[in-house]
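**Q** There's a structure below that I have some questions on.
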Amino acid sequence: MKQLYTLSIGLLCLSVLSAQKDLNGIINTYAAVQALDACNNNLTVDDASGFSEGQDVILYQAQGASIDLSNSSSFGNVSNLGQAGRYEKNQVLNINGNVVTLAFQLSQTYDPAGKVQLISFPQFDKVVVSDTLKGASWDGNKGGIIALQVTDTLELLAPISATGIGFRGGISDITVSNNCSFATNANNYAYASDNWRGAAKGEGLAIITPGSEGGRGPQANGGGGGNDHNAGGGGGSNLTKAGQGGTNEEPSFFGCDGNFPGFGGREISSDSTRLFFGGGGGAGHENNDVGTDGGNGGGIIILLVNHLLSNGFTIEANGESPELGGGDGAGGGGGGGSILLLYTTPGPVSAQALGGNGGSLDHRNADRCHGPGGGGSGGHILTNGLNPDLATQTAGGTAGLGFNSGACADGNNSSEPGSTGLITLIQSINTADQGFSEASIVAQAPNLSLCEGADGFFRVIAQGVDLTYRWQVDRGNGLEDLSNDADFQGVDADTLRLLTVTADQNNWRFRVLISNACGDNLTSQNADLTVSPSPIATFTPNQNGNDFTFTNTSQNASSYNWEFGDGAMSSEVSPTHTYPQAGEYTVVLTAFADCDTVQTSIQVSIAGAPTASFTSSPNEGCAPLTVNFTNTSAGDLSSISWSFPGGNPAFSTEENPVISYQNPGNYDVVLIVANAAGVDSVRLNNHVMITPNTVAAFTPNQNGSDFTFTNTSQNATSYSWDFGDGVVSSEASPMHSYNQPGDYTVTLTAFGICDTVQTSTVVSI
């Protein structure tokens, strides 16, 4: 392939590269492609006489887009670009009659029904443009393009102009009778060419459907024609929207208004790999044979140059503006064309792809308000240059105006300007660079090893014409076709992408079936997928005092690192470790595998010797007394032992026991606590004090009618005496005299902390 290319360039240099000083006029040769045999990489053209072997060429398809044809405001919307606008640089290998065989395999598909043409792409060393450099006008099959390569310097002493050589504007030529009335409502989006209701549409990316040649609906980027009566045509577009035409407003109530002007060419969504002619403007509606045609769109310029000296001259692919009209509707302006300009040495460049202005009308003082034309949109400049001057060179055309009317003020009657076009930075031209050969697999997809959860891909490199791909997988039960889903994408492309693989996919086997339009069927070699599972880090600590054994239960890991939390580390699988002192330690296990590194951690505790302590409530009172004991010992405890002499129960291992005391007395309490680090105890003597019961007792001592009562009570705090004769006393051992003889009952009441008791005896006087 490389040898062929070198030879062809050599031939070209001999025949074309020379000391030529000037260029002007039309330098390109054009041939309409009538048939394309991709399997043999050749083209059948209408005339191959202007081409030679080894010559660089451009292959270009002008039309072939599909549009909405419904009778609605959606008419003309592009539903599929098809191959419209595709182009590539190639080279002539040989010529046999009108059959041209290309040196390099086509990089894209083309459809001759969409008006494909072959254009010479001459290459020169140094060029001076001495007079305007032009391109042949688009004739519906070929033309409309200027293509030139300059390896050294291109100097402009005149412009390079593709203005008005793109898609053709609609022709305002309604030959049938036009008998409109004020009740006419010509609002359809398409009319046949023999129907006076709609003027001709401008040409666009979609080939005009027979029977829909006229009417206000746009032809993709071709402007719509004005509808009856005398409405203006819409402007042509490129990538951005063109302006609609203006309305006709008759001064009398019974006049034929034109309320349905041509829509402007549609906005086209495309990438930088396509080049479009500017759309033709729609024709203005006529009934007096003075309507104006729509302006032609700008053509295409492809210019590769090392150093450009512009000298203030322009490289232009502007849309055409209709001529001044009067008496009928005006045509829309043509859309700006496309300029692909790549140059090596920066310098001042003036490149224009302006939209044509909408057609204007001189009413010549008649009582008329006919519809002006809509402005064409700006075109598309694609370049690697950062020239700030380019920013203003894709302006849309202005809306047409009506003036000198005896019935209405000067104005545009609702016609609209075209939108500004686009400037795109690119670095290269689409170039076919693969030598043509029969279908084959150049590189097989190798086996693939992935980590669980990762993405990957299998890719084959194949050559051939119109290749189609179908990836298959063998999961262990035979081969089956894949579908695009959450696991796989690109099942019908040369690269199969695997998304977030799982361990279940380990050892799956893949291959791709490849077929093409030439009947060749290929099968790739099998490619195996190996999925390595992700590691899992887990372990169990086993404690014996300050000593730990760490049992490693990790999976899918090849090595380990332990951090014990006290600065010590280990790389053993299941290490042992002794902690020198009590404390809380975080043990971190890091598991390493080819696919991933994961960690897990567990906190372990090394307890110090405990300190025994407790509280109780209450710790004194009357029998029976219930005491709640609370363990307040410090440290981790492995055992607790209580001793409660005189209590019930007398022993306990509960954390916080409840003890009952039935008998008065003072009782000791003992708490013993222990853990792996030691034992501690606390003994509180006489900690629980149970108060004894009150005893009431006394002895009477008589001397006649006088008595002394000796109090022998126990555990009492106060007393009350009743001597039986109505006299009382609170003394501890009172004296009392009786006034009359008789028997008297003496009662002593003794008051204690826990109870109140009485005793009585009878004395006689």
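The values are calculated or read from the model by the stated rules, or taken from the named source; none is laboratory data. Predicted model only: the values in this text are computed from it and were never measured. All Cβ positions, glycine included, derive from the backbone under ideal geometry; neighbour counts span all protein chains shown. The accessibility values were calculated without ligands, DNA or RNA, using every heavy atom of the protein model including side chains. Shrake-Rupley method; radii C 1.70, N 1.55, O 1.52, S 1.80 Å.
**Q** Counting other Cβ atoms within 10 Å, keep those with at most 13, restrict to DSSP loop, and tell me which GluC sites (Glu not before Pro) in segment 432-536 are left.
**A** Details: sites: 438, 452, 480; in loops: 438, 452.
Passing both the DSSP loop test and the Cβ count: 438.
**Q** Short version: ³J(HN,Hα) in whole Hz for each residue of segment 569-586, in order, from phi by Karplus 6.51 cos²θ - 1.76 cosθ + 1.60 (θ = phi - 60°), x for Gly and Pro, what are they?
**A** Each residue of segment 569-586 in turn: 9, 7, 10, 5, 5, 10, x, 10, 8, 10, 8, x, 8, 5, x, 9, 10, 9 Hz.
**Q** Exposed loop chymotrypsin sites (Phe, Trp or Tyr not before Pro) only (DSSP loop, at most 13 other Cβ atoms within 10 Å): please give the longest stretch of the chain free of them, not including the sites. Could the numbers behind the result be given before it?
**A** Values: sites that count: 182, 253, 254.
Longest site-free region, per DSSP loop and neighbour criteria: 255-765.
**Q** Read phi for every residue in segment 472-482 and hand back ³J(HN,Hα) as whole Hz from Karplus 6.51 cos²θ - 1.76 cosθ + 1.60, θ = phi - 60°, with x for Gly and Pro.
**A** Each residue of segment 472-482 in turn: 10, 9, 10, 8, x, 10, x, 6, 8, 5, 8 Hz.
**Q** Let me ask you something else. Please state the shape class of segment 254-298: rounded when a/c is under 1.5, otherwise prolate if a/b exceeds b/c and oblate if not, all from the C-alpha gyration tensor. Each step should come with its number before you reach the end.
**A** Values: a/c = 9.10, a/b = 2.27, b/c = 4.00.
Oblate, since a/c reaches 1.5 and b/c is not below a/b.
**Q** Kindly provide the Kirkwood hydrodynamic radius of segment 292-431 in Å, to one decimal, from all pairs of distinct alpha carbon atoms.
**A** Values: mean 1/r = 0.0635 Å⁻¹.
This gives a value of 15.7 Å.
**Q** Which distance in nm do the two modelled labels at residue 73 and residue 125 give, with both placed 7 Å along the Cα-to-Cβ direction?
**A** Going from the residue 73 label point to the residue 125 one covers 6.2 nm.
**Q** Turning to a different aspect of this structure: Averaged across orientations, what area in nm² does the convex hull of the alpha carbons in segment 633-713 project?
**A** Numbers: hull surface 28.4 nm².
Mean orientational projected area (segment 633-713, Cα hull): 7.1 nm².
**Q** Compute from the Cα atoms of segment 651-765 the Rg and the Dmax, the latter being the longest Cα-Cα distance, and quote both in angstrom.
**A** Reported Rg and Dmax, both Å: 24.0, 84.
**Q** With the calculation restricted to Cα positions, what are the radius of gyration and Dmax of segment 428-491 in angstrom?
**A** Calculated on Cα positions, Rg and Dmax stand at 15.3, 48 Å.
**Q** Using modelled amide H (1.01 Å from N, peptide plane; none on Pro or chain starts), what sits under 5 Å from the amide H of residue 687, excluding residues fewer than 5 places away?
**A** Those qualifying (amide H under 5 Å, at least 5 residues apart or on another chain) are 667, 668, 669.
**Q** Assuming 1.306 mPa s and 10 °C, estimate D for segment 167-289 with Stokes-Einstein, Rh taken as the Kirkwood radius over Cα pairs, in µm²/s. Show your work: numbers first, answer last.
**A** Details: Rh = 13.8 Å.
This corresponds to a translational diffusion coefficient of 115 µm²/s.
**Q** Under a 5 Å amide H to amide H cut-off, with H placed in plane at 1.01 Å, what residues pair with residue 88 once short-range neighbours are removed?
**A** For residue 88, whose amide H was placed from the backbone, the distant partners under 5 Å are 59.
**Q** Largest first and in whole Å, what are the equivalent-ellipsoid semi-axes of segment 477-588 based on the Cα gyration tensor, each being the root of 5 times an eigenvalue? Walk me through the intermediate numbers first.
**A** On the way: eigenvalues 571, 28, 22 Å².
The equivalent ellipsoid of segment 477-588 has semi-axes of 53, 12, 11 Å.
**Q** Using a 1.4 Å probe on the protein chains only, how many percent of the accessible area of segment 65-212 belongs to carbon and sulfur? Kindly include the intermediate steps, with their values, before the conclusion.
**A** On the way: 2410 of 5480 Å².
Looking at segment 65-212 in its full context, I get 44 percent from C and S.
**Q** Please identify the GluC sites (Glu not before Pro) of segment 620-711 that satisfy two criteria: DSSP loop assignment and at most 13 other Cβ atoms within 10 Å. Which are they? Don't jump to the answer; show the numbers that get you there.
**A** Details: sites: 620, 654, 655; in loops: 654, 655.
Answer in residue order: 654, 655.
**Q** Once you have the Cα-Cα distance between residue 605 and residue 695, take 0.36 nm times their residue separation minus that, and quote the gain in nm to one decimal. It would help to have the intermediate numbers written out before the result.
**A** Working: separation 90, 0.36 × 90 = 32.40 nm, distance 5.85 nm.
Additional length available on full extension: 26.5 nm.
**Q** As a test of the definition: which semi-axes, in Å, follow for segment 597-659 when you take the square root of five times each eigenvalue of its alpha carbon gyration tensor? Largest first, please.
**A** Semi-axes from the Cα gyration tensor: 37, 11, 10 Å.
**Q** If you project the alpha carbons of the chain onto the principal axes, what extent comes out on each, in Å, largest first?
**A** 170, 78, 54
**Q** Report the gain in length on full extension from residue 52 to residue 540: 0.36 nm times residue separation, minus Cα-Cα distance, nm rounded to one decimal.
**A** On the way: separation 488, 0.36 × 488 = 175.68 nm, distance 8.27 nm.
The span from residue 52 to residue 540 would gain 167.4 nm if fully extended.
**Q** Residues with beta-carbon under 15 Å from that of residue 210, excluding residue 210: net charge, scoring Lys, Arg +1 and Asp, Glu -1? Can you show the working numbers first?
**A** Numbers: positive: 201; negative: 194, 203, 213.
Net of charged neighbours comes to -2.
**Q** OK, next. Given points 7 Å out from each Cα along the Cα-Cβ axis, report the residue 705 to residue 588 separation in nanometres with one decimal.
**A** Between residue 705 and residue 588, the simple spin-label model gives 10.5 nm.
**Q** Can I ask one more? Would you work out what percent of the accessible area of segment 469-587, with all protein chains in place, is carbon or sulfur (probe 1.4 Å)? Intermediate results must be reported in sequence, preceding the final value.
**A** Values: 2480 of 6200 Å².
So the carbon and sulfur contribution to the accessible surface is 40 percent.
**Q** Pull up the cross-link candidates among the aspartates and glutamates for residue 134, meaning alpha carbon to alpha carbon under 14 Å and not fewer than 8 places away within one chain.
**A** 22, 316
**Q** Give the carbon-plus-sulfur fraction of the accessible surface of segment 247-312 in %, rounded to a whole number; probe 1.4 Å, heavy atoms of protein chains only.
**A** Carbon and sulfur together cover 45 percent of it.
**Q** Shifting gears a bit: So what's the back-of-envelope 222 nm ellipticity for the chain, counting only DSSP H runs of four-plus at -39500 (n - 2.57) apiece and dividing by all residues, rounded to 500? Could the numbers behind the result be given before it?
**A** On the way: 1 runs with 14 residues, N = 765.
Computed mean residue ellipticity for the chain: -500 deg cm²/dmol.
**Q** OK, next. Which pairs in the list 89/142; 89/201; 89/241 are over 25 Å apart, alpha-carbon to alpha-carbon?
**A** 89/201; 89/241
**Q** So, one more: List the residues, sorted by chain then number, that are 5 or more residues from residue 352 or on another chain and whose placed amide H is less than 5 Å from its amide H.
**A** Correct list: 315, 316, 317.
**Q** Also, quick follow-up: Not counting ligands, DNA or RNA, and with a 1.4 Å probe, what is residue 142's accessible surface area in Å² rounded to the nearest 10?
**A** Approximately 50 Å² of residue 142 is accessible to the 1.4 Å probe.
**Q** Can you tell me the accessible area per residue over the chain, all protein chains present, probe 1.4 angstrom, in square angstrom? Before the final figure, lay out each step's value.
**A** Numbers: 32940 Å² over 765 residues.
Ligands and nucleic acids excluded, the result is 43 Å² per residue.
**Q** Which ³J(HN,Hα) values in Hz, rounded to whole numbers, follow from the phi angles of segment 521-536 under the Karplus curve 6.51 cos²θ - 1.76 cosθ + 1.60, where θ = phi - 60° and Gly and Pro get x?
**A** Taking θ as phi minus 60°, the curve returns 10, 10, 10, 6, 5, 5, 10, 9, 10, 10, 10, 8, x, 6, x, 10 Hz for segment 521-536.
**Q** While we're here: Can you tell me which aspartates and glutamates have their Cα less than 19 Å from the Cα of residue 115? Leave out same-chain residues fewer than eight positions away.
**A** Partners found: 37, 46, 47, 88, 139, 203, 213.
**Q** Taking the Cα atoms only, what angle lies between the long axis of helix 2-15 and the longest principal axis of the chain, rounded to 10 degrees?
**A** The answer is roughly 40 degrees.
**Q** Going from most exposed to least, what order do 154, 93, 304 have by accessible area with a 1.4 Å probe? List each step's numbers first, then the result.
**A** On the way: 154 0, 93 60, 304 30 Å².
Output order, biggest surface exposure first: 93, 304, 154.
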